[in-house]
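Participant: Supplied in structure tokens, the structure appears directly below.
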Amino acid sequence: MTIFDLLGIDFVQTALIAAAVLGLVAGVLGPFIVTRRMAFAVHGTSELAFTGGAAALLLGIGVGYGALAGSIIAAVLLGVLSRRESDRDSVIGAILAFGLGMGILMLALYKGRTKNKFGLLTGQIVGVDSTDLKLLVVSSIAVLAVLAFIYRPLFFASVDPDVAISRGVPVRWLSIVFAVLVGVATALSVQVVGALLVLALMITPAAAAMRITASPLRATLLSVLFAETAAVGGILLSLQPGLPVSALVTAVSFVIYLVCRGIGAVRRRSA
């Protein structure tokens, strides 16, 4: 089959729409995640999303719902337990280890197809059906709406939290709300790139964008562009050879990062 024949298949079209939606959400959230130094938190959240997905498999319900529940629980735990920045890494490490251990236990108890187990770790875009797509779209709209509502105080709190606190900005609550938004976005990304590779969409595009611009607006626009390129491009590249989608998504994302890092280095030398 040619690439055009493959594009006419329903599940491929569903996968491309899902990837485009994820690229938008991940690209918008990414600069905040990088600015707030939450890359490790995203990884920890993805482990609880993996645990929730494994529990959903075991209980016979939708994996997307389980991953969403697991990631929200993880986000709330991270927000509540890591009140001091010095505690953040240890709290994330504890939650990450617990989530991964429970997820492995649940997969061991699951008697269904092995492919479903593997897909939770590395992604399985063919498993995104119309029901999952609806959940993804509705959740993404909710995430973007809440982010738009808290954007200004969140940006202030992310850039200079001490001054924000002195000005009466509810930094603590903003951190918890943002952690939940990241948790939802992470859960949505798990089905595309898997729990182990979710950073390819949530972190790498934003890190690449912030290498070549200091403008928050341009960084967000570039982050969305890079995330869309990685997500949609990874799927398109995987169709003809039949290679794993997650591997190509991460490869495209990392190439973009290397190029941007090189551009940033050249600019600094010229300056």
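Participant: Any residue in region 125-142 that is modelled with pLDDT under 85 and not in a helix (DSSP H, G or I)?
Facilitator: Yes: one or more hits.
Participant: Tell me, which residue of region 132-179 that is free of Cβ contacts under 8 Å to residues at least 60 places away in the same chain and among the basic types (K, R) is farthest from L68 (Cα to Cα)?
Facilitator: So, considering only residues that are free of Cβ contacts under 8 Å to residues at least 60 places away in the same chain and among the basic types (K, R), the one farthest from L68 (Cα to Cα) is R167.
Participant: Follow-up. When both residues are 6+ apart or on different chains and their Cβ atoms are under 7 Å apart, which pairs have a first residue that lies in region 92-106 and is over 16 Å from G183 (Cα atoms), and a second that is hydrophobic (A, V, I, L, M, F, W, C)?
Facilitator: If the second residue must be hydrophobic (A, V, I, L, M, F, W, C), the pairs left are G103/F50; G103/A54; M106/A54; M106/A55; M106/L58.
Participant: Scan the helices (runs of 4 or more DSSP H) fully inside region 153-271 and keep the ones with 1 or more residues being of a type outside the set (A, V, I, L, M).
Facilitator: Of the helices (runs of 4 or more DSSP H) lying wholly inside region 153-271, those with at least 1 residues that are of a type outside the set (A, V, I, L, M) span 161-166, 171-193, 204-212, 216-239, 245-270.
Participant: Let me ask something else about it. Can you tell me which residue within region 71-118, out of those that are of a type in the set (G, A, S) and touching a helix residue (DSSP H, G or I) at 6+ places or on another chain (Cβ under 6 Å), is modelled with the lowest pLDDT?
Facilitator: S82
Participant: What number of residues in region 13-65 are charged (D, E, K, R) and either in a helix (DSSP H, G or I) or at pLDDT 90 or above (or both)?
Facilitator: 1
Participant: Of the residues in region 228-271, how many are under 13 Å from A207 (Cα atoms) and in contact with a Leu (Cβ under 6 Å, 6 or more places away or on another chain)?
Facilitator: Of the residues in that region, 0 qualify.
Participant: Within region 176-191, does at least one residue satisfy the condition of being touching a Phe, Trp or Tyr at 6+ places or on another chain (Cβ under 8 Å) and either modelled with pLDDT of 85 or more or farther than 23 Å from A227 by Cα (or both)?
Facilitator: yes
The values are calculated or read from the model by the stated rules, or taken from the named source; none is laboratory data. Being a predicted model, the structure only gives us computed values, none of them experimental. Cβ: placed from backbone, ideal geometry, glycine included. Neighbour counts: every protein chain shown.
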